[in-house]
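So the structure is just underneath, and the comments pick up after that.
The values are calculated or read from the model by the stated rules, or taken from the named source; none is laboratory data. What you are looking at is a predicted structure, and each value in this text was computed from that prediction instead of being measured. Every residue, glycine as well, gets a Cβ built from its backbone with ideal geometry; the counts of neighbours run over all protein chains shown.
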Amino acid sequence: MARARARLQATVRRHLSSRGFDEVETPCLVPAPGMEPHIQAFETAFAPEGGGPRRPLYLHSSPEYAMKRLLASGFERIFQLSRVFRNGEVSATHNPEFTMLEMYRAGTDHRGVMRDLEELLEACACALEPGGLPRARWRGAEISFSAPFERTTVAAAFAAAGVDLAACGEDAGRLREAARARGIDAGPDGEGFADAFFRVFLAAVEPGLGLARPVYLTDWPASMAALARISPSDPRWAERFELYAAGLELANGFAELTDPAEQRRRLVEEREERRRLGRPEYPLDERFLEAVGRMPEAGGVALGLDRLLMLLTGAPAIADVLLFPAAGFLGG
């Protein structure tokens, strides 16, 4: 498995370098981690050797903020194989420390990065499959990694499950009503739209995604834009995508937001949501926010490399592709 990981990483580096991408490194210890409400960062503190107040630092959950600062500074095609950290995440598909491929390209949008990614994954599948073909076998199913991958919208995926997402208009009550009419548990009354959305998604949509070949799920509800741009042609949707194979999420990407005021508003809103959930409230990354306004049009994506290795080697769980899985020292 260690050799398979080395082949995978070598293929990523060779493929992206041949297409003009520069490999970069950014810090793992940062003063402001990602603000996503459901991600918990590992916290530590810098203690000056000569004395003085301790300052909080965090192990980053993604290199996104730093890499976007590089985009704003003139880098046009960049990638990183980064160790990232998320507290509390241990399962068959989660480890609190894992490897993320993060890549960005200036002068394009999410569609350009989707093409970059599917060509890369086709090359990775060929490198790890014994016959050199772009395919993998995982949990009894064969998956073709031949590019281009399939594409469908979030609304179309919900429609396939019998739920008209567009008609719900990001109203949690209407979404629960539509889901219950199809026998889908959308959670208790009083939960917000995002909670109801993901209950339906996890129960009725995600398990059927990408069973024979990977599929891009595009056009997410505007309230779930995260760091993505809202579609200029239809403000109901964000220019965000996720990649699924065999019902497993592999990647999350955007047409990048370049409006610093809107980015600040979203981060403040996420911080308020963290407060509501009783989670630690992290500081805003002011250097990142300043850089957002200088960023060119760009697309970016984050790919879970360990999950990809699982699929390409047929490993049943993420612990099987790690030499030192967290479950070994956490007792899981």
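I need the full set of residues from the range 288-299 which are closer than 16 Å to Gly74 by Cβ and in contact with a Phe, Trp or Tyr (Cβ under 9 Å, 6 or more places away or on another chain), in order please. Explain how you work it out, then say what you get.
So in the range 288-299, the residues closer than 16 Å to Gly74 by Cβ come out as 290-298.
Answer for the range 288-299, where residues must be closer than 16 Å to Gly74 by Cβ and in contact with a Phe, Trp or Tyr (Cβ under 9 Å, 6 or more places away or on another chain): Ala291, Ala298.
Name, by its number, the condition in (1) touching a residue at least 24 places away in the same chain (Cβ under 8 Å); (2) surrounded by fewer than 17 Cβ atoms within 10 Å (Cβ to Cβ) that does not hold for Ala156.
It is condition (1) that Ala156 fails.
Any residue that is surrounded by fewer than 19 Cβ atoms within 10 Å (Cβ to Cβ), closer than 30 Å to Gly74 by Cβ, touching a Lys or Arg at 6+ places or on another chain (Cβ under 8 Å) and not acidic (Asp, Glu) - is there at least one of those in the range 257-265?
The answer is no; no qualifying residue exists.
Do any strands (runs of 3 or more DSSP E) lying entirely in the range 1-119 carry at least 2 residues that are modelled with pLDDT of 95 or more and basic (Lys, Arg), and which ones are they?
On the way: elements: 42-46, 55-59, 77-85, 97-106.
Here the list reads 77-85.
How many residues are free of Cβ contacts under 8 Å to residues at least 40 places away in the same chain and either out of contact with any helix residue (DSSP H, G or I) (no Cβ under 8 Å at 6 or more places or on another chain) or under 24 Å from Ala147 (Cβ atoms) (or both) if we restrict to the range 239-280?
Number satisfying all stated conditions: 11.
Rundown of residues vs (1) in contact (Cβ under 8 Å) with a residue 60 or more places away in the chain; (2) over 25 Å from Ser61 (Cα atoms); (3) touching a helix residue (DSSP H, G or I) at 6+ places or on another chain (Cβ under 8 Å), yes/no style:
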residue: Val113; (1), (2), (3): yes, no, no
residue: Leu121; (1), (2), (3): yes, no, yes
residue: Cys124; (1), (2), (3): yes, no, yes
residue: Glu129; (1), (2), (3): yes, yes, yes
residue: Leu133; (1), (2), (3): no, yes, yes
